[in-house]
Structures are given as structure tokens and as C-alpha cells.
């Protein structure tokens, strides 16, 4: 049992002074009568652990390499970006992916992220043959998260087609299990534990036929008691909507609904280009809408209807997706700021609601309903922010400071399941690891 | 004479290894034959000094205090934000403004900013009476920049009206000189020096009648040889356009053009909501277009036509304006990323062109044409970035790393006019100063 005295802490929706928390076996427990005397002081503002609900770990190797450097170079479209992304995907092995993912997850840890949702589709050898352990890649990611010190929801992804009615092409043979039944057979062999959730993902309505989506959704729902997370890329690009309408006469959201894939454990990732009917379907099903604003800016996806989704009943979560940026504070504020750009009005999202998306709602969407709040019984996660940096000084110490002033560098320490990490000491090591790991795959 | 060996440096449009620069009396000079032996090594990537072309220093006191904290609070519009901003403006004295500006300029310094364009309109005592020194406030800002260690272009702002045809209201009496002739008389008493440019600003077409704009523009043009900087808020909000059209039958840009205020030393700040005719006028006059993306996001201004402005001949510059964020790297990338959100395409601005906006074009727009390049004869400014941080590691060391991966915290050292500042040692002091200075005026 260890007790901490938090100078300031976000408890529920309030920032309180001098909050005493006692940690035992990775959980917050009731403090004993003399706990204050033994308490370790954590200066700054402590908030719950942050959930990064959408990650493609290997995209970290692309940061700084897929932009337009000089006028006259090819300007870079979504598709030229995808070509470079596929080139890295071709090269990865279980060992190099472990190293890259561990470094990337450590970057997340130092940014205050205590749990990652890894949308994982790079399953097989370069020619499509399964590895001796058919889950060698997935297990590499689980080991990377464990060794980095964060929790993981491995969202094992069913990816069967290059597009609607098109067989996998090129590197995509690494992604495909052939059909969703074989996908499920492989995934059944993955083992979760206290810090690992095995969940499911449908890559998109482009990459998985409707009947196969149903198979994945049924796997995720299991016996119907609680169900596992089921994530899916949804309407990130206008082209996806057009292709789906042409092939099926319905929007991607409508197709997912008919396939039985919408529900409270579903996360619709991006959800950028939606109709009113889509909004109603996602909202009434109580799905999570996982926005990835820094990636959506980077890829030029557009600005999704975050406020309208929430007003219809969907619950916002956040992800860093391509890792062009790993900064959960930037993701939080970007939801509000991009909505301001779209509407020319302020005040759509409150700081406290954006914090809810990044903490307890995010964790719940990844199958960790017992994380994301500073409360007895919850997992002992704490992200402690420096209130004296050039960015945060003088901004007060409310939820607005966290969401609208702080950056990843302001994270002074991170506790995950009771284990405390001091970030200043970690960062140089993390930079070294990232450099070595990206050079290994580029 | 001091010589530095830069591990990597942006020289022209190229990043070169092992660049030797010799500094004498604040300028880059030719290196002597044995300079390398005496050189001080600067690890990382060195780029030219960054110009922050639009600043309202006192807005720093608002950071973290004008957002929507909790659902149910007043959501905050541009106008409620302005109310809070005016409340701070009411309280400032030359002493408290000096302290706040110095802390804010030091935050800029640590972020790589070597020169600020201060759009300054808070001239008089709370009841509108001039101070004993009528330039007490402007001189406080000049002293603040000097003591912080950065250059300043004091863009002394003519602000005469609450709106078209409306006398100054409330705190605005502190802003008004009565008319532009009296404005010019006061400004003539301000003294520039090697690190201080005295320039002009027209607050906006709302705040200065057309004939008075002409007076300010003529003051700025002087004898017609080179001229002084002339900055103006332009079409930040749709409402300004509507009011100007209603009163004058022309757009704000057209009005400025007719008033003789557009030219190569003019900076049109924001330039968000423009017609095709406006684009042609601003482009053919060779004006600077000063974008302030983090503020434009914060205030919900919308996304201005940066690419179209440049294609018409205007030159982009950048400013942090309200200091919701002070991070010139975020401003650079936001121009491209917001254009992607508006168009759903990538590749409008190259990293090297965004660096040009933030360095030499920015400095030129502030009246420092001898800054913003690493070249013999230029002012000896260097911003040296850490390439080993969790953000920059593995991203290469090209212009894309600077623009798309780095943040203010990655600035390891800053040289201004030959004086080198190590940022890691400065930051705790800066935080302390910011806290004291903001508490003094809130």
C-alpha cells in the first residue's frame, strides 16, 4: 500500500486540493487513518489516465517523412501517403514490429496515455502465409505494451478485401485471413489478462463483405453478457461513402447496422462524413465515435460532426491513429477547435466533457470500464501535469488548463495500474529507442 | 568573434551538416581560417530566427480562462471572449503591462521567437487621459522586449471608434488618440533603435474611418523610400465584411485599397473572409498576409485562403495573436493542416515555404529585412532544435521535421542578435514570471 498526496486532482468534475489516494495492488483503495503522514507528495494537477483508442503503431515510422518538403515535390495525397505506409508494412517482422511498437507505446506513456487500442491488421508473413505462431504479430504488440508499461486492447482486425468485391492486393495479403471464420479461429487463440483485452475490429465496409462483418460482430458479442470491443473505420473519406452507396445502395453506417455491428461496445472510428440517418443510427445504438483529429487534419479527411454525434447519443472517444502527433491534450482541444472552424462559433464541447472522452469513456470503449476515474475501486492511473511550465503557468488549474493549455511535455509523471513513471528521466531513452526502431524499418 | 559548429543547419532551402558560423557584433560574418578549431558545437538542427508577426501581449493573461469548462456554463462566443479581454485591458498599468509583456516575450524567446510584432493599442489611462509620457505603455512594451532579449516592431495602433460611425465605448477610451493626426504626433515621439522598429497599425476598418486610414498610411510610407510596417486586422469575422459593405458599399480590402493602405510593407492580419477581388487586390499590392491559425481556431474565425493569397502574390507571415498558444511550429503546420481540412486534400504548402513565412518573410514584414536567414551579413539569430525528443526522433532532420514534428519545447537554444540563450534553464523562471504577471492583472 502506498499513499500519495496530490497537490490538485480532478475528482469527478471538480479539481480539488490536497487529495489523498492510497494504492494497493494496482487499485485505488480506502486510505487508512494515518495515510497522510506516510504520503508521497505529487505536485501539480493529477488527472485520470488517458485512453488512446485508435492506434496503428507502425505509422510512427512515417512521421516527418510523408509531408511536402519543398515546392515542386509531389504534394502528397491520401493515396501517396498510403503507398509509403504500405512500404513500411511490407518490411515489418515480429521483432522489428515489437521494437517499433514498444518505442511508440513508451512515447504514449510519457504523454499520459495509460491504455492503447491497437487496431491491428498486420497478421501474416509477407507472402500471406501465417507465421508458425499465427498470432506472432499480435503477441509482439501485446508484449510491446506490457514492456512499455501501458495496457492494451488488441483490436484484432478482420481485413479481407482491397475494396468492395476486390481480392487483397500487394501487401494486403499480410492482412487477410481469407474469411471471418478463419479470422475468428486465429483470434480465439489470443490470450487476454489483467492488462490485456482481446477485442475485434472490422477494417471497414470496403475491406470486409457484409456477411463477414456479421461473423465478426457475433464473435465480439459472444454470449451477449458484456461483449468485447468492436472497432471499425467509418466514413473517413467521401470516396468510401460513394463506393458503398454504389455497391450496396446504402451508407457504410446503414450497412454496419444491417450487419448487426452497431452497439454500445462498438467504436466508429473517424465518423467524418455522415448523413442525418447515420447520426440517428449511431446515436440510438449508443456507439462510441472515436475521433482522431490530428490524423484527420494530416490526411485531410475533413471535420466530423462530433457535437451532433454526441447530441444523438453517441459517446466521443479519441485516438492518435497515425501518430503524426502523439499528444492527447492536442486531440482533446482539436475536437472543439475544429468544430469552431467548421461552424465559426465557440463553445461546443466543455473541457470536462472532452476529459471524459479521453479518460473514462475511452477506457470503457476499450473494455476497461474500471479505469479513467480517480475513485476507490478504480485502476490506479494518474497523469500529473506541471502547472508551472511556460504553457500552463498563469492559466488557473481547472479543466481548461488541461484541455486548452497543456501539451504532452507537461506530463510530469504517469501512474499505470499503480506503477509510477517519472517522465523527465524516460524521455531521452524514448527518443533513442524511437530513432533506432524507425531506422530499422525505413 | 565567436564561432559555432552547427551539427545540422537550414541554409537557404537545404539542411547541411557541420555548418560553421562566425558571429561578430550580432551578425554572421565570414569565418577566419582557424575558426573550426575554436568552434562551440551546437548539437541538433539550427534554423533561422522566427518572427511572431502579430501579438497582443496582454491576451496571455486570458489563456485557460475563456474556454467552456463545464457543460451548462455560458459557452463563450467571440464577444464574451472580448468582454474578458477588455476586463484585463481595463486593469493594466505601464508597470503591470511591462511585467506581463516581459514574461510573455520570454515565453516567445524560449519557443524560438527572435522578434515580435506588437499590435499595440492600449495607449492611455483608464479615463482616456494621456499618461505624463504619452507613450508610457508603448515604451513599457519596448523595454519588455529588450529585457526579454527579443527584437520588437512596435506596431503603434490607431484605434478611434467602437464601430463604423460609433464613438469609443468603455475601455476603448484608453485606445483612442481622437484622430489620426494626433495619433501620428504621439507616435513620432517613439524612438526606434537597432532592435526596435516603430511601425504603424490601423486597428480595422471598423475602428478607423477611411480618411483617417489614409493619414496613418501616409505616416507609414514616410518619404516613400522604404517605409515602415503598416499592419491592419482584415476580415477576421464575416460581421466586419457585412458592416463595411453596408456603410461603404465595398469590402474592407477595397476600402483599404482606396485609402492607399495596401502595399509591400502592409500586413493584412487574418485575411480570413475574402472575395476574389480582395485576393487580387492584396496579391497585386504584394502585401503580407499574416495568419494566426491557433487564434483563428480559438475564436472560430474560420479558415482563410492562405494558398489562394500566395498564388495571387501575397506573402504569408505568422503570428500567435491572442497567445492561446505560443508555439511557432504549431502555427506553421496549422496553415497547411487547416487548408487540408477545408479542401480535403494534402500538399498545399511545402515545409520550406512555411519556414520562409516564419523566418525571412516574417522579419521583412516587421521592418527587419536583415534577419531570418543563416547567411553572412544577416543578424545572428539561430533556433536550435532537439532531434532526439520523443516527438522529433526518427523523423529525419529535414524541413518536415521542423514544421510537422517539432513543438516549442524542442527548442534547445535560441540566439538573438548574437546572444545565446539556453532554454532548459530559462523555462522554470519563465513559468514563475508568467504566473506572477498574470495574477497581477486578473
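General observations
- Residue exposure sequence - A:340, B:70 - by fewest surrounding Cβ within 10 Å: B:70, A:340
- If the chain linking residue A:38 and residue A:166 were pulled fully straight, counting 0.36 nm for each residue of separation and taking away their Cα-Cα distance, it would gain 39.7 nm.
- Computed E for residue A:345/residue A:73 - FRET, C-beta separation, R0 41 angstrom, nearest 0.05: 0.65
- Each Cα pair under 8 Å and six or more residues apart adds its separation to the average, and for the stretch A:50-365 the resulting relative contact order is 18 percent.
- Computed from Cα atoms, the angle from the helix A:94-110 axis to the main principal axis of chain A rounds to 40 degrees.
- Copy-to-copy label separations for residue A:169, where each label sits 7 Å from Cα toward Cβ, in nm and ascending: 6.1
- Label spacing, shortest first and in nm, from residue B:41 to its equivalents in the remaining copies (7 angstrom along Cα→Cβ): 4.0
- Computing FRET efficiency as 1/(1 + (r/R0)^6) for residue A:2 and residue A:143, where r is the C-beta to C-beta distance and R0 is 35 Å, gives about 0.85.
- Cα long-axis angle, helix B:78-91 against chain B (0 to 90 degrees, to the nearest 10): 80 degrees
- On Cα atoms only, tilt of A:238-248 relative to the major axis of chain A in degrees: 50 degrees
- Chain A residue with Cβ closest to the axis mapping A onto B, distance in whole Å: A:409, 2
- Taken over the alpha carbons of the stretch B:29-160 as equal point scatterers, the Debye sum produces base-10 log I(q)/I(0) values at 0.14, 0.16 Å⁻¹ of -0.74, -0.88.
- Legend: mean number of C-beta atoms from other chains within 10 angstrom of residue C-beta atoms, peptide A:329-342, equals 4.
- Highest GNM mean-square fluctuation among A:306, A:267, A:226, for chain A modelled with Cα contacts below 10 Å: A:226.
- Ranked by the mean number of other Cβ atoms within 10 Å of their residues, highest first, the peptides B:297-304, A:52-59 fall in the order A:52-59, B:297-304.
- Computed Kirkwood radius, in angstrom, where 1/r is averaged over Cα pairs of the protein assembly as shown: 28.1 Å
- The overall shape of the stretch B:317-362, judged from the alpha-carbon gyration tensor, is oblate: a/c is not under 1.5, and a/b is no greater than b/c.
- Shape category assigned to the stretch A:50-365 from the gyration tensor of Cα positions, a/c cut at 1.5: rounded
- Over the residues of the protein assembly as shown, the helix contribution to mean residue ellipticity at 222 nm works out to -10500 deg cm²/dmol, using -39500 (n - 2.57) for each DSSP H run of at least 4.
- 5 Å binning of all Cα-Cα separations within the stretch A:349-402, expressed as whole percents from 0 upward: 4, 19, 21, 22, 18, 10, 6, 0
- Taking other Cβ atoms within 10 Å as a rough exposure proxy, A:346, A:60 sort from fewest to most as A:346, A:60.
- Label point 7 Å beyond Cα along the C-beta direction, distances from residue A:74 to other copies (nm, shortest first): 5.3
- Residue by residue along A:429-438, Cβ atoms of other protein chains within 10 Å of the local Cβ number 4 on average.
- A simple packing score, the average count of other Cβ atoms within 10 Å per residue, orders the peptides B:431-437, A:26-32 as B:431-437, A:26-32, with the highest score first.
- Average partner coverage of A:382-393, which counts Cβ from other chains inside 10 Å: 6
- Peptides B:268-280, B:93-105, A:171-183, ordered by how many other C-beta atoms sit within 10 Å of their residues on average, highest first, read B:93-105, B:268-280, A:171-183.
- The stretch A:50-365: antiparallel DSSP beta bridges as a percent of all, rounded to 5: 5 percent
- Looking at the protein assembly as shown, the DSSP beta bridges with both ends there are about 40 percent antiparallel.
- What separates the Cα centres of the stretch B:45-96 and the stretch A:308-367 is a distance of 23 Å.
- Spin-label model, residue B:194 to residue B:248: label points 7 Å out along the Cα-to-beta-carbon direction sit 4.1 nm apart.
- Computed label-point distance, nm, for sites residue B:419 and residue A:24 using a 7 Å Cα→Cβ extension: 5.8 nm
- Between residue B:125 and residue B:370, full extension at 0.36 nm per residue minus the direct alpha carbon distance yields a gain of 84.6 nm.
- Rg to Rh quotient for the stretch B:217-369, alpha carbon positions, Kirkwood Rh: 0.95
- Residue exposure proxy: A:244, B:292, ordered by other Cβ atoms within 10 angstrom of their Cβ from fewest to most, comes out as A:244, B:292.
- Each label was represented as a point 7 Å from its Cα along the Cα-to-Cβ direction; for residue B:133 and residue A:84 these points are 5.2 nm apart.
Only the coordinates and a few stated rules stand behind these numbers; no lab work does. As the structure is a prediction and not an experimental result, all values here were calculated from the model. No Cβ is skipped: glycine too gets one built from the backbone with ideal geometry, and neighbour counts run over all protein chains shown.
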